[in-house]
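Trainee: Have a look at this one.
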Amino acid sequence: MDESVLHSDPTLTDRSRAVAFCGIGAIALGGVVLMGWALQIPILTQIFADWTAMVVNTAASLVLGAIALLIPDEEPNPLRMVRRICGALLVIVSALVLIENLALIDLHVDWPSAHRWLQDNNTHPGRMAPNTCVGFIMIGLVAAFSATRDSRWIRGMAIAATIIGITGLISYYLKPEFLYNKPTILRMAVQTAIGISLLGIGFWIKARRYIPIGRTQDKHILMTVAVALLVVALGAGISGFAFMQQRTERMTAENLLRVHADRSTFFANVLSEGTQNAEVIAARPNALAQMRILLTAPKDEVTRGQLQKVADSYLPYGFRWIAFYQHGQVIAQAGAPIPNVEMQVALHGASRQALLWAGEYFLRTRAMAQDKQGVVGEIITEQALPGITRLSSEFDNWGETGEMVLCEMNSNPFRCFPSRFSHSPFTVPHRVEDRAVPMTQALNGTNGTLSSKDYRQQNVLAAYGPIGDYGIGMVLKMDWAEMYAPVREQLQLTLLMLALLTGMSLWAVRARLRPLVNEMVEARRGAEESQARFMAAAESHLDPFYL
């Protein structure tokens, strides 16, 4: 008989059950998500708040693909045209969305108005990911042509769609966009990855209902063993990497939060100490006495000279400028105001203070000079804050992307002091791609860590929090790609070792198992031939006989 002749698979019942399971599972996933969008229930569309939501087009595509999968192939079949229509719709819609992704245009097929109520990380509400589109295009083609007798390419397309779904699921553990600091098309919704995998597996099983006789059972057994080895190797490798990845993330986040707490405390202490130093001058008895005299005798040069000596005496202690004011006029001063101030932020607190930036950090303090009889004037001081300047530069030298950002919290957008990647004052919006930036999280007065995109549109791990009650927020952050560099190198080495070990294992299994499998197949073939001869002999005689 010609090897192209096809025969029914003896395990047809089990295959039909598996196909039904895949189809019903895909319909359930798509139906639940459609219900979630209709009733605006977030948990039904994205499971967890920080996960990607399955969009309406994806959910509808799962339902269409499942309907096509559940329609039988037997002839005559009046529903065969329905299956082809479902496949065609899948291909058309997915191709249009793929064009939107690649050409950066809007073809108005995404239903954005139905998705805007949910704040997830989809930059284009309602739009399917590119790899989701490719997966559904393959599923649509398989659905439209699944009844063809030449099913080899159908099985190939179904396997490719399954791989796309499994890859999308794995990406939630490997986080390739963090590993390589590049946008990725692998971040489809978890439900989408499961649904496409179910459809791919279902159509693959369905396509194998008719198989070529020439494809012997020994190849089936060896293929099953190979797939099992690959699954075990990949499962072990991915599980080990996921554990190492999670441990790295947890330890890095804890360390970053601890460093943030230490630096915030140091920063607040420096500001408090600077305020106290200025208040000491304002409370100095001889200075107050001289200002009291000048209040009634402003032309007393001797008293002015004594007050000038008081001002000069504080210059060696970190003050750049000390000025005594009465009635808005300078009566004595030492040093000079800081020139070319690029940025200043008023600090909260009992004293009138401002944090200045002029190539380094300075603190300006205004204090009322007051004796027992009342106010005698005002003292303005400006002092350098070398500790804070050094603190910022030290963290900016932490790796290639470590950065400390200080911003005024009571502004929109945030007004921020110069940092590693911006050498002049800059602003940061409260939200980037409709997601709160790390500094926004500090507005509620709490400390924590956050994985998000920063103002540079880079994926970062950030520790955030306010600095005391001064109205200043601090963010310490580093790009995920740099933190994952050691993990990335280990992953690449692990994958290489797994590939080598799996290849050697497959070769060993093939060499050892194939003779045994051939013997089993030959024994079964001999038994089938004996049974055929027996039945032929029994049918050729009219008289019954006993064996």
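The values are calculated or read from the model by the stated rules, or taken from the named source; none is laboratory data. Just so it is clear, the structure is predicted and the values come from calculations on it, not from any experiment. Every residue, glycine among them, receives a Cβ derived from its backbone with ideal geometry; neighbour counts consider all protein chains shown. Side chains included, ligands, DNA and RNA excluded: accessible areas come from the protein's heavy atoms. Shrake-Rupley method; radii C 1.70, N 1.55, O 1.52, S 1.80 Å.
Trainee: In whole Hz, what ³J(HN,Hα) sequence does the range 379-395 give by Karplus (6.51, -1.76, 1.60; θ = phi - 60°), x for Gly and Pro?
Mentor: Going residue by residue, I get 10, 10, 10, 10, 9, 6, 10, x, x, 5, 4, 5, 4, 5, 5, 5, 6 Hz, with x marking Gly and Pro.
Trainee: What does the highest-first list of 413-426, 493-506 look like by mean Cβ count within 10 Å? If you can, show how the numbers build up before the last one.
Mentor: On the way: 413-426: 17.2, 493-506: 13.3.
So the peptides 413-426, 493-506, ranked by packing, come out 413-426, 493-506.
Trainee: A follow-up question, please. Please report the spacing between the Cα centers of the range 451-467 and the range 354-394 in Å, no decimals.
Mentor: 30
Trainee: Continuing with this model, one more query. In whole Å, what are the Cα extents of the range 59-147 along the three principal axes, biggest one first?
Mentor: Here the spans come out as 47, 26, 18 Å, largest first.
Trainee: Taking Cα centroids, how far is the range 237-309 from the range 93-132 in Å?
Mentor: Rounded to whole Å, the Cα centres lie 50 Å apart.
Trainee: Provide the solvent-accessible area of Asp262, counting protein heavy atoms only and rolling a 1.4 Å probe, rounded to the nearest 10 Å².
Mentor: Rounded to the nearest 10, that gives 100 Å².
Trainee: On the first, second and third principal axes, largest extent first, how far apart are the outermost C-alpha atoms of the range 422-508 in Å?
Mentor: 68, 25, 24
Trainee: Convert 25 °C to kelvin, take the viscosity as 0.890 mPa s, use the Kirkwood radius over C-alpha pairs of the range 231-348 as Rh, and evaluate the Stokes-Einstein diffusion coefficient in µm²/s, rounded to a whole number.
Mentor: Working: Rh = 19.2 Å.
Reported coefficient: 128 µm²/s.
Trainee: Classify the range 23-174 as rounded, prolate or oblate from the Cα gyration tensor: take a ≥ b ≥ c as the square roots of its eigenvalues, call it rounded if a/c is under 1.5, otherwise prolate when a/b beats b/c and oblate if not.
Mentor: It is prolate, given that a/c is not under 1.5 and a/b is the larger ratio.
Trainee: State the volume of the convex hull built on the alpha-carbon positions of the range 229-272, expressed per residue in Å³ and rounded to an integer.
Mentor: Output value, Cα hull per residue: 31 Å³.
Trainee: Using each residue's phi in the range 324-332, evaluate 6.51 cos²θ - 1.76 cosθ + 1.60 at θ = phi - 60° and report the 3J(HN,Hα) Karplus result to the nearest Hz, with x for Gly and Pro.
Mentor: 9, 10, 9, 6, x, 10, 6, 9, 6
Trainee: Can you compute the FRET efficiency between Lys309 and Asp469 using 1/(1 + (r/R0)^6), with r the Cβ-Cβ distance and R0 = 35 Å? Round to the nearest 0.05.
Mentor: Numbers: r = 36 Å, r/R0 = 1.03.
E(calc), rounded to 0.05, equals 0.45.
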